[in-house]
C-alpha cells in the first residue's frame with residue numbers, strides 16, 4: 001500500500017518559517033499550491049493532511065473525498081489579544097484501508113493530545129499524533145509511507161518504532177521530490 005502524510009505550512013502562515021532551514025518560500029500561502037498538493041495526494045492509496053481550522057473553509061473543496069478528523073489540544077499556547085484560543089486542528093484523510101480485516105488498526109476520528117514544545121520547528125507534531133495519523137490511513141508494517149514535509153523527522157521515528165526497524169534505510173519513508181518545504 002502506498003500512503004502519504006502532508007503537514008505543509010498552513011495557509012497564510014508561511015512567515016512563521018522564514019527563519020528555519022526548512023523554509024523555502026511562502027508558496028503554501030497561495031491556494032494554488034494546495035491545489036497542486038491535492039493532485040499529488042490523489043496519486044496515493046491513502047493519505048492524511050494537517051491544516052488549521054481557519055483553513056478548512058477555503059481548502060476543503062479541494063479534497064472532496066476526504067474525511068475530517070480532529071486533533072484536540074487540551075494544552076495549547078494562548079495568544080495575546082486572541083479571545084478564543086485555537087485548541088483543535090482538522091486532519092483531512094483518505095484511508096488506504098477501509099477494513100480492519102486486513103490488519104489495519106481500528107481507531108477514532110479524534111485525538112486529544114497536547115502540542116509539542118521546543119522541537120526546533122513551528123508546528124512539530126507529537127509522536128502520539130503521528131501514530132494516530134498512521135491509524136487513520138490504515139498503515140501497517142510493510143506499507144510505503146511518503147512524508148511529504150518531514151520537518152523534525154518525528155513521523156519517521158514513529159514508523160520505525162511501529163515496524164520494529166532501527167536503522168535508517170529500512171523503511172520506504174522519504175520525501176518524494178525536491179518540493180519539500182518543511
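The table below lists the values:
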{"item": "Which numbered condition residue 175 fails, given (1) closer than 25 Å to residue 27 by Cα; (2) touching a helix residue (DSSP H, G or I) at 6+ places or on another chain (Cβ under 8 Å); (3) modelled with pLDDT under 80", "result": "(2)"}
{"item": "Residue match in the stretch 73-82 (condition: at pLDDT 95 or above and surrounded by fewer than 15 Cβ atoms within 10 Å (Cβ to Cβ))", "result": "no"}
{"item": "Residue match in the stretch 117-134 (condition: closer than 20 Å to residue 160 by Cα, surrounded by fewer than 18 Cβ atoms within 10 Å (Cβ to Cβ), under 14 Å from the mean Cα position of the chain (by Cα) and without any contact (Cβ under 8 Å) to a residue 60 or more places away in the chain)", "result": "yes"}
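The values are calculated or read from the model by the stated rules, or taken from the named source; none is laboratory data. What you see is a predicted model, and the numbers here were worked out from it, not measured in a lab. Positions of Cβ are backbone-derived with ideal geometry, glycine not excepted, and every protein chain shown enters the neighbour counts.
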